[in-house]
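Asks: Got a structure for you, questions after.
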Amino acid sequence: MVGAGGERAGESTYWGPDFGELATADPEIAAVALAELERQRVGLQLIASENFTSPSVLAALGSTLSNKYAEGYPGRRYYGGCEYVDVAENLAIDRAKALFGAEHVNVQPHSGATANLAVYAAFAKPGDTVLAMSLPHGGHLTHGSRVSFSGQWFTTVPYHVDSATELIDYDEVRTLALAHKPKIIIAGATAYSRTIDFAAFRSIADEVGAILWVDAAHFIGLVAGRAIPSCVPYADVVSATTHKVLRGPRGGMILCRSEHASAVDRAVFPFIQGGPMMHAIAAKAVAFKEASTPEYRWYAQEVVANASALAQSLEARGLRTVSGGTDTHLALLDLRASDVTGVDAERRCGLASITLNKNAIPFDPQSPAVTSGIRVGSAAVTTQGFNTSDMSIVGELIARAVVADPATTSGEAELASVADGVRELVRAKPAYPRRTGDLAQ
Ligand SMILES: *Cc1c(COP(=O)(O)O)cnc(C)c1O
């Protein structure tokens, strides 16, 4: 089963897009698209929020559905000619409801951040108090950072991870909730590798009468694949992206209980958005269909197994995993033992064709622009068919790149040798394999 799934992903499903028309009409932009396709093919893509979406999703995104204005909702539009886009949006909604067991779904948010803006608009007024995970401990910018609307328009109180276990400190969440009586409690993060105790959050929210909002942007794809427990039964509202582990088009969505349906729908349109992107909504429908298959469930399990294998391989080479491991698609590594900063590690890996990002670790002594950590994710490489033994090699390559100083001759040679190792891995299991006649040969 494992081998069969890997072969399915690597050999037949993920053909690259066809840029024929574009190459003739606009060679400059075609060259950019081809160069990006090539970059995705020749390196290791380990950014935890990225994935390789399917040619079917890309086809829906590139369709004439993009031309259609459809302000409003299916059957209640402000424009004529919506009979076909209505079918697409209803399919997306029905498939998402079935996939996640949700009572109501809004598939119109243009992105995760936009979905979050709509959730704030549906459940809070400017000045209200929101309890959310601290940004340097793994939270998202939209969870109360001063550089985001969320930190400027709302009073946000941050909760943290415990300094010893590096797991969410649920006692602190409860203490802060009792002290500040927030309107909303947000569970969900962008750099937290462990499953979240949604039942604990539910009981704290009930105790203080707060709305429980789960921002599942990162892990909704693991929920879809039944690889981690679902947040949907516990939350009043769930916001998510469709392009991370879920492997659909770039976009957002909101799932909620029926009682909140009209507040959520009115917040998305007309409060914060105008016309929905019908091509993206159709592509979301395609992704939900793909995510309902046994192949996708196998994929989601493999994503988690691969992230674990990568974390173990890095641990074995002296890079400490924050919280001691991962239950999801991502791992956060503490580089302090090697005396290399996050920013240097990111640059060195980049020189060796390994794309990952620097990331603050909890209680990081370095500034957010430097950091002491890196974040890695397994969603994209698992799509191209990598298995746990490939991940162990990936860990070895990262560990070698991190300590190779490009300012020295030996470091430069080492990074070139790591890049050779990367090329060998991706040649065996390419993302978007080449075909005869492919413009991107
Ligand atoms: C990625 C992410 C978002 C934002 O999604 P965009 O599509 O980039 O706007 C919001 N919340 C969390 C927790 C995320 O990880």
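The values are calculated or read from the model by the stated rules, or taken from the named source; none is laboratory data. Predicted model only: the values in this text are computed from it and were never measured. Cβ: placed from backbone, ideal geometry, glycine included. Neighbour counts: every protein chain shown. Side chains included, ligands, DNA and RNA excluded: accessible areas come from the protein's heavy atoms. Shrake-Rupley method; radii C 1.70, N 1.55, O 1.52, S 1.80 Å.
Asks: With an 8 Å cut-off on Cα pairs and a minimum separation of 6 or more residues, tell me the relative contact order of the stretch 359-441 in percent.
Replies: 21 percent
Asks: So, one more: What spacing in nm lies between the two simple spin-label points modelled at LEU351 and SER389, each 7 Å away from Cα in the Cβ direction?
Replies: 3.2 nm
Asks: Now for a different question. For LYS289, give me every one of the lysines with a C-alpha distance below 25 angstrom, ignoring sequence neighbours fewer than eight places off in its own chain.
Replies: LYS68, LYS97, LYS244, LYS429
Asks: Could you compute the FRET efficiency for GLU83 and SER111, with r as their C-beta to C-beta distance and R0 at 22 Å, rounded to 0.05? Walk me through the numbers before you get to the answer.
Replies: Details: r = 27 Å, r/R0 = 1.24.
Once the sixth-power term is evaluated, E becomes 0.20.
Asks: Placing +1 at every Lys and Arg Cβ and -1 at every Asp and Glu Cβ, with all other atoms neutral, what dipole size does the stretch 294-428 have around its Cα centre, in debye to the nearest 20? If you can, show how the numbers build up before the last one.
Replies: Values: 11 positive and 16 negative charges, 30 e Å.
Here the size comes out at about 140 debye.
Asks: What is the calculated FRET efficiency for ALA164 to ALA369, with r their C-beta to C-beta distance and R₀ = 25 Å, to the nearest 0.05?
Replies: Details: r = 27 Å, r/R0 = 1.09.
FRET efficiency, ALA164 to ALA369: 0.35.
Asks: Next question. Over the chain, what is the percentage of antiparallel beta bridges among all DSSP beta bridges, to the nearest 5?
Replies: Values: 21 of 37 bridges.
So the antiparallel bridges amount to about 55 percent of the total.
Asks: Whenever you get a sec, compute what percent of the accessible area on the chain sits on carbon and sulfur atoms (1.4 Å probe). Before the final figure, lay out each step's value.
Replies: Numbers: 9720 of 17840 Å².
Of all accessible area on the chain, carbon and sulfur atoms account for 55 percent.
Asks: A follow-up question, please. Enumerate by residue number the trypsin sites (Lys or Arg not before Pro) in the stretch 116-185 meeting two conditions: DSSP loop (anything except H, G, I, E, B), and at most 13 other Cβ atoms within 10 Å of the site's Cβ.
Replies: On the way: sites: ARG146, ARG174, LYS183; in loops: ARG146, LYS183.
Counting only loop positions with at most 13 other Cβ atoms within 10 Å, the trypsin sites (Lys or Arg not before Pro) in the stretch 116-185 are ARG146.
Asks: Write down the accessible area per residue of the chain in Å², having rolled a 1.4 Å probe over the full set of protein chains.
Replies: On the way: 17840 Å² over 441 residues.
Value returned for the chain: 40 Å² of accessible area per residue.
Asks: Return a whole-number percent for the relative contact order of the stretch 294-428, with Cα pairs under 8 Å and 6 or more residues apart as the contact set.
Replies: Value for the stretch 294-428: 27 percent.
Asks: While we're on this one: How much length would be gained if the chain were fully extended between ASP197 and ILE47, taking 0.36 nm per residue of separation minus their Cα-Cα distance, in nm to one decimal?
Replies: Values: separation 150, 0.36 × 150 = 54.00 nm, distance 2.48 nm.
So the extension gain works out to 51.5 nm.
Asks: Are there DSSP H segments in the chain that both extend 24 Å or more along their axis (alpha-carbon positions) and score a mean Kyte-Doolittle hydropathy of at least 0.0? List them, or say none.
Replies: Going by DSSP H runs, the hits are 83-100, 409-428.
Asks: Run the numbers on the chain and let me know its relative contact order in percent, using alpha-carbon pairs under 8 Å that are six or more apart. All intermediate terms of the calculation are to be shown ahead of the outcome.
Replies: Values: 936 pairs, mean separation 103.3, N = 441.
The normalised contact order for the chain reaches 23 percent.
Asks: Among SER150, TYR432, VAL85, which residue has its Cα furthest toward the positive end of the charge dipole of the chain, with +1 on Lys/Arg Cβ and -1 on Asp/Glu Cβ?
Replies: VAL85
Asks: For the pair GLU28/ARG336, report the inter-label distance in nm, with labels modelled 7 Å from Cα in the Cβ direction.
Replies: Simple spin-label model gives 4.9 nm for this pair.
Asks: Can I ask one more? Can you compute the FRET efficiency between ARG257 and ASP405 using 1/(1 + (r/R0)^6), with r the Cβ-Cβ distance and R0 = 41 Å? Round to the nearest 0.05. If you can, show how the numbers build up before the last one.
Replies: On the way: r = 54 Å, r/R0 = 1.32.
With a Förster radius of 41 Å, E is 0.15.
Asks: Which value in nm describes the separation of the simple spin-label points at THR155 and LYS125, placed 7 Å from the Cα toward the beta carbon?
Replies: 1.4 nm
Asks: Right, another one. Enter the Cα centre distance for the pair the stretch 257-334 and the stretch 372-441, rounded to the nearest angstrom.
Replies: Measuring centre to centre over Cα atoms gives 22 Å.
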